[in-house]
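Only one structure is covered here, and it is reproduced in the block below.
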Amino acid sequence: MKLTIPFYLHKVGAGFPSPATDYIEDDVDLNSHLITNAPATFIIRVQGKSMVNVGIYDGDLLIVDKSIEPRNFSTVITNINEELVVKTLIKEKGVSYLTSGSKNILDKINLAENPEIIVWGVVTYVIHKQQ
Amino acid sequence: MSYTSSSKKNKVALIDCNSFYVSCERLFNPKINNKPVVVLSNNDGCVISRSTEAKIIGIKMGEPYFKVKELVRKNNVHIFSSNYALYGDISRRVMKTLKSFSDKIEIYSIDEAFVDLSHVEDKEIENYGKEIRERILKWTGIPTSVGIANTKTLSKVANNIAKKNKTGVIYLNENIDNHLKKFHISDIWGVGKQLSKLYIKNGIDTAYKLKNISNTWVKKRTNVLGAKTVMELRGITCINLETQETKRKSCCVSRSFGKKVESLEKLEESITTHCLNAAEKIRNDDQTTRSITIYIRTSPFDQNRKYYSNSVAIDLPVATNNSLELVKVAISGLKKIYKYGFFYQKAGIVLSKLREASENEFNLLAPIMENKSQTLMKAMDFTNAKYGRNAISIAQAGINNSWKMRREHSSKIDTASFKDLPILKI
């Protein structure tokens, strides 16, 4: 998967084209921007609308890094009831919980009390198509 | 008699992915964790990867699918067609992760690699192995076993022990002989079917017995490789790590047909496609071929029909990697071995006597011919790389390809293609 966009050093203007047009300095490499650890990074497509409140929409692409540790309020991929799901991880007084990003206290899952649940990976970017 | 090497010992680890294809399928599918799972070979032919649960049920490695269908049904075994796009990408990730430890690695197969750990102290080495294992599991989700020993052959033995070990890691340094006494001759790396028959006939049925046979006997009765294996069991390095990717010496492409094929035309299509793929492969490596083998066969399991299998090897006058030339030769070869009235199950080609394209001998006609064809081949490879495989092909390869693989149970995930990314329902 490689996607690069040529990065022009001169501004776009009307009128006479700059003689530097031929001079492309470098490519903007989205891979190097979005991916820090390639072997551990997976791109996953989401279907569904349950995570709209954390900014994840139907059809978005998630960049998921398996090698990093989640922080407070990290969006994570996790296995619950034999399914991979997207959750928000929150830490309170040293205890980690998974939530759906809602304020509803009932859907908090205590990770220490559910050892079968593992954090599969941490979502580092969401790619959303605007138009 | 005891054998120990006095010089500073080499240390080599063999990292082997556990039930690799099954582990790949489990990566995005937690439903099949802790359940019996098997992956079938191309065309859903045979069992090629089994989860521990499937092994316990009694499904054997390499068994034809139709023979285990009953076991599968009774035990709710999850079946997958092989998805090499996914396995290939996950394999590359595992190997890249390994390279974060050391550059001295030899990728031995899709799911195994040797790593030189000579720089690690004896007392540190098991922990180092555990670190390797944990990092691969964390980064890629693939469980592995790590066997460390003084030679590659012993590291294979160690890996076998590590697989049954709780931690999945072992440094085989002490009590080696105890392990070798329990290690069957046919499980030793480099001891094939024929060789193990010979050994067993002579009463050598364990690795320990092989380690202690006389050098003269081995040299007389086997080949250089046989002698090397014996030395390696004694802890003396004879087979070095092949860290640089050495170029292949032959290139083989074959497929079983989804539906049995009777007509010459369909076989021609298949052979042509194989030629195009193989030629592209060797062009990528800047190689040319001097010989092409074409083979076809019917199913050996089909008891109602007669079995037929044949092959023909054709030496080429000038080394080439030109798709069109190879196809022409292959089709002429196919016509020689094709017989009407059989239902063919498999067709394949092998390009051999490969060499660097730059090493080609002088040929009077070559400069003109080659330049033209090279430009065409380059354009073909470029277009196919850009617009997907077989965007440009030759008409002989057919367009419908009804003989293509059967993959009824494929997970259809490809982590390296935007088209088939894993999907998560939220």
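The values are calculated or read from the model by the stated rules, or taken from the named source; none is laboratory data. What you see is a predicted model; the values in this text were computed from it and never measured. Virtual Cβ from ideal backbone geometry, glycine too; neighbours counted across all protein chains shown. Accessible surface areas use protein heavy atoms only, side chains included; no ligands, DNA or RNA. Shrake-Rupley method; radii C 1.70, N 1.55, O 1.52, S 1.80 Å.
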Candidates B:ILE185, B:ILE204, B:ILE200, filtered to the one that is open to solvent by 20 Å² or more (accessible area, probe 1.4 Å) and at negative phi: B:ILE200
Step by step: first the residues of region B:354-392, then only those that are at pLDDT 65 or above and surrounded by 15 or more Cβ atoms within 10 Å (Cβ to Cβ), then the one that is nearest to the chain's Cα centre (by Cα). Which residue is that? B:LEU354
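Could you check region B:31-131 for helices (runs of 4 or more DSSP H) lying wholly inside it with 1 or more residues that are more than 30 Å from B:PHE301 (Cα to Cα)?
B:84-99
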Do we find that A:SER67 is modelled with pLDDT of 90 or more and touching a helix residue (DSSP H, G or I) at 6+ places or on another chain (Cβ under 6 Å) in this structure? yes
Residue that is surrounded by the fewest Cβ atoms within 10 Å (Cβ to Cβ), among those in region B:410-426 that are facing chain A (nearest Cβ under 7 Å), at pLDDT below 90 and part of a loop (DSSP other than H, G, I, E, B): B:ALA416
Lone unmet requirement of (1) in a strand (DSSP E or B); (2) at pLDDT below 95; (3) within 12 Å of chain B (Cβ to nearest Cβ); (4) surrounded by fewer than 18 Cβ atoms within 10 Å (Cβ to Cβ) for A:ARG45: (2)
So which residues in region A:68-94 are free of Cβ contacts under 8 Å to residues at least 40 places away in the same chain and surrounded by fewer than 18 Cβ atoms within 10 Å (Cβ to Cβ)? A:ARG71, A:ASN72, A:PHE73, A:ILE80, A:ASN81, A:GLU82, A:GLU83, A:ILE90, A:LYS91, A:GLU92, A:LYS93, A:GLY94
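Does B:LYS104 satisfy being open to solvent by 60 Å² or more (accessible area, probe 1.4 Å) and touching a residue at least 24 places away in the same chain (Cβ under 8 Å)?
Spelling it out, B:LYS104 is indeed open to solvent by 60 Å² or more (accessible area, probe 1.4 Å) and touching a residue at least 24 places away in the same chain (Cβ under 8 Å).
In region A:28-35, is there at least one residue being at the interface with chain B (Cβ under 8 Å from one of its Cβ atoms) and open to solvent by less than 70 Å² (accessible area, probe 1.4 Å)?
no
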Only one residue in B:LYS11, B:LYS69, B:LYS35 is within 26 Å of B:SER254 (Cβ to Cβ) and more than 21 Å from the chain's Cα centre (by Cα). Which one? B:LYS69
Identity of the residue in region A:48-66, within 8 Å of chain B (Cβ to nearest Cβ) and closer than 17 Å to B:ASP414 by Cβ, that ends up surrounded by the most Cβ atoms within 10 Å (Cβ to Cβ): A:LEU62
Flag if B:LYS69 is away from chain A (no Cβ under 14 Å), under 23 Å from B:ARG406 (Cβ atoms), surrounded by fewer than 20 Cβ atoms within 10 Å (Cβ to Cβ) and without any contact (Cβ under 8 Å) to a residue 40 or more places away in the chain: yes
